[in-house]
Amino acid sequence: MRIAIGVFAEPPLPGRCKAALLAAYGETWIAGLHAAMLRDTLDGLQFVNADEWVVFALPGEHDASEGEAVLARHAPVPWDVVALRERERSAQMREAFDVLHARGGGADYSVVVSSGAPSSPTEPLASLLADDDVAGKIVIGPTDEGGCYLLGAAKSSARLFEDIPWETPAVLEIMRLRCRELTLPVVELDPWYEVDAPSHVMRLLEEMAKHPERAPRTAQFLVTNK
């Protein structure tokens, strides 16, 4: 079974990433943290046995080519950078899955991951994807605030992503209901958290102090940029 993995990412440039953190942190510091989290996310996912690796550059208000170039410098081999054209999140999800399923002659199963959960364990995902039975299931990586940091599917479905209130605590429950509506079996990973608010940074600081091995670049950044 051919596996494709994609990661949604903003370019790690001051003022162009993690805007929700600006209330408590400077834009240069935020860009550095985001760069470290992105690289830890990419490095961690390479423990999964996959065939295609894509960093999806999220569109913004600034020069898209500059953002792609910056992401390319942060994406090691075997990751490729692909710019998403769509701006609405449901449309972005459909576009990302369409791209992943088409790469390399066609992927049998694709996974889209957020770059905001760098310490999330990848071993459970690797185990799931090693079993061909996953092809008939939807894999969800839930956040403990009701969102999703990971979604896996064998094919793109417009209905699966339709009218999902992304960035709200209702995402997970609506996604569960949507899968039941479409008679798609669901496998959920253990809940984790995304770094999307100043309070999440505090949680990340506490975790990295105890378990720096979970996201070593992020841990190092936090130690050297207090």
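The values are calculated or read from the model by the stated rules, or taken from the named source; none is laboratory data. Note that the structure is a prediction, hence the values are computed from the model and not measured. Positions of Cβ are backbone-derived with ideal geometry, glycine not excepted, and every protein chain shown enters the neighbour counts.
Summary table
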{"item": "Enumeration of residues in segment 54-97 that are aromatic (Phe, Trp, Tyr) and closer than 27 Å to residue 168 by Cα", "result": "56, 97"}
{"item": "Members of segment 112-131 that are touching a residue at least 24 places away in the same chain (Cβ under 8 Å) and farther than 25 Å from residue 92 by Cα", "result": "123, 124, 130"}
{"item": "Pair list, Cβ < 8 Å and 6+ apart or interchain, from segment 28-43 residues that are closer than 14 Å to residue 194 by Cα to residues that are crowded, with 21+ Cβ neighbours inside 10 Å and among the acidic types (Asp, Glu)", "result": "34/10"}
{"item": "Identity of the residue in segment 2-47, under 22 Å from residue 97 (Cα atoms) and of a type in the set (Gly, Ala, Ser), that ends up surrounded by the fewest Cβ atoms within 10 Å (Cβ to Cβ)", "result": "44"}
{"item": "Top-ranked residue of segment 154-174 - restricted to ones that are modelled with pLDDT under 95 and surrounded by 20 or more Cβ atoms within 10 Å (Cβ to Cβ), ranked as nearest to residue 220 (Cα to Cα)", "result": "161"}
{"item": "Test result for residue 116, modelled with pLDDT of 95 or more, farther than 21 Å from residue 36 by Cβ and within 16 Å of the chain's Cα centre (by Cα)", "result": "no"}
{"item": "Criterion (aliphatic (A, V, I, L, M), surrounded by 15 or more Cβ atoms within 10 Å (Cβ to Cβ) and within 26 Å of residue 203 (Cβ to Cβ)) met by exactly one of 100, 58, 84", "result": "58"}
{"item": "Residue count, segment 144-188 (criterion: of a type in the set (Phe, Trp, Tyr) and assigned to a helix (DSSP H, G or I))", "result": "1"}
{"item": "Residue check for residue 91: under 14 Å from the mean Cα position of the chain (by Cα) and closer than 21 Å to residue 19 by Cβ", "result": "no"}
{"item": "Failed item in (1) among the aliphatic types (A, V, I, L, M); (2) loosely packed, with under 14 Cβ neighbours inside 10 Å; (3) under 18 Å from the mean Cα position of the chain (by Cα), with residue 69 passing the rest", "result": "(3)"}
{"item": "Filter result (in contact with a helix residue (DSSP H, G or I) (Cβ under 9 Å, 6 or more places away or on another chain) and either assigned to a strand (DSSP E or B) or of a type in the set (Gly, Ala, Ser) (or both)) within segment 189-203", "result": "197"}
{"item": "Test: residue 209 is assigned to a helix (DSSP H, G or I), surrounded by 14 or more Cβ atoms within 10 Å (Cβ to Cβ) and small (Gly, Ala, Ser)", "result": "no"}
{"item": "Residues (under 23 Å from residue 207 (Cβ atoms) and either of a type outside the set (A, V, I, L, M, F, W, C) or not in a helix (DSSP H, G or I) (or both)) located in segment 126-143", "result": "127, 140, 141, 142, 143"}
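Let's see how each residue does on (1) in a loop (DSSP other than H, G, I, E, B); (2) among the polar types (S, T, N, Q):
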residue: 68; (1), (2): no, no
residue: 71; (1), (2): no, no
residue: 77; (1), (2): yes, no
residue: 85; (1), (2): yes, no
residue: 92; (1), (2): no, yes
residue: 100; (1), (2): no, no
residue: 104; (1), (2): no, no
residue: 116; (1), (2): yes, no
residue: 124; (1), (2): no, no
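The rows are residues; the columns are (1) modelled with pLDDT under 95; (2) within 12 Å of the chain's Cα centre (by Cα); (3) of a type in the set (D, E, K, R).
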{"site": "1", "(1), (2), (3)": "yes, no, no"}
{"site": "22", "(1), (2), (3)": "no, no, no"}
{"site": "39", "(1), (2), (3)": "no, yes, yes"}
{"site": "43", "(1), (2), (3)": "no, no, yes"}
{"site": "50", "(1), (2), (3)": "no, no, no"}
